[in-house]
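Chemist: Sending over a structure as structure tokens; questions will come in a sec.
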Amino acid sequence: QVQLVESGGGLVQAGGSLRLSCVASGRAASNYAVGWFRQAQGDEREFVSSINYSGLSQYYADSVRGRFTISRDIASNTVYLQMSSLRPEDTAVYYCAAVRLWTTATMRQPSTYDYWGQGTRVTVSS
């Protein structure tokens, strides 16, 4: 199994920045593709960004493209989500998720992912 732990959430004013971290541990943790999802109060969980096992392919939701950057450090089994120019509508609990087999056709769907972290809350004030 793979264990995922998110951190870095908090309260920030609109226009500010936060960096979220997702540390993976377990068997062959670096071989997993990782996605970031978020869930606002009362809403469904939505795709934010994803990165493949090597870090060479990155994908973004239209709502965050140009503002968020996903990256990974293979040596430390850590995936980062650098969030800039934050908006109140970015307020949500952010989750990282991992899957061994990953396709572009399904990588935006939460059901694709086998392992999930506990989430970290991001609140953006206006």
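Chemist: Hand me the list of strands (runs of 3 or more DSSP E) wholly inside region 76-126 holding 3 or more residues that are more than 14 Å from the chain's Cα centre (by Cα) and either surrounded by fewer than 21 Cβ atoms within 10 Å (Cβ to Cβ) or touching a residue at least 40 places away in the same chain (Cβ under 8 Å) (or both).
Modeler: The qualifying strands (runs of 3 or more DSSP E) are 120-125.
Chemist: Going residue by residue through region 47-63, is there one that turns out to be in contact with a helix residue (DSSP H, G or I) (Cβ under 7 Å, 6 or more places away or on another chain) and either of a type in the set (Lys, Arg) or under 12 Å from residue 122 (Cα atoms) (or both)?
Modeler: No - not one qualifying residue is present in region 47-63.
Chemist: Let me ask something else. State whether one or more residues within region 35-54 are open to solvent by less than 50 Å² (accessible area, probe 1.4 Å), hydroxyl-bearing (Ser, Thr, Tyr), within 18 Å of residue 4 (Cβ to Cβ) and touching a residue at least 12 places away in the same chain (Cβ under 8 Å).
Modeler: For region 35-54, residues open to solvent by less than 50 Å² (accessible area, probe 1.4 Å), hydroxyl-bearing (Ser, Thr, Tyr), within 18 Å of residue 4 (Cβ to Cβ) and touching a residue at least 12 places away in the same chain (Cβ under 8 Å): present.
Chemist: What are the residues in region 103-126 that are touching a Ser or Thr at 6+ places or on another chain (Cβ under 7 Å) and closer than 13 Å to residue 59 by Cα, if any?
Modeler: Correct list: 106, 107.
The values are calculated or read from the model by the stated rules, or taken from the named source; none is laboratory data. What you see is a predicted model; the values in this text were computed from it and never measured. All Cβ positions, glycine included, derive from the backbone under ideal geometry; neighbour counts span all protein chains shown. Note: areas computed on protein heavy atoms with side chains; ligands, DNA, RNA excluded. Shrake-Rupley method; radii C 1.70, N 1.55, O 1.52, S 1.80 Å.
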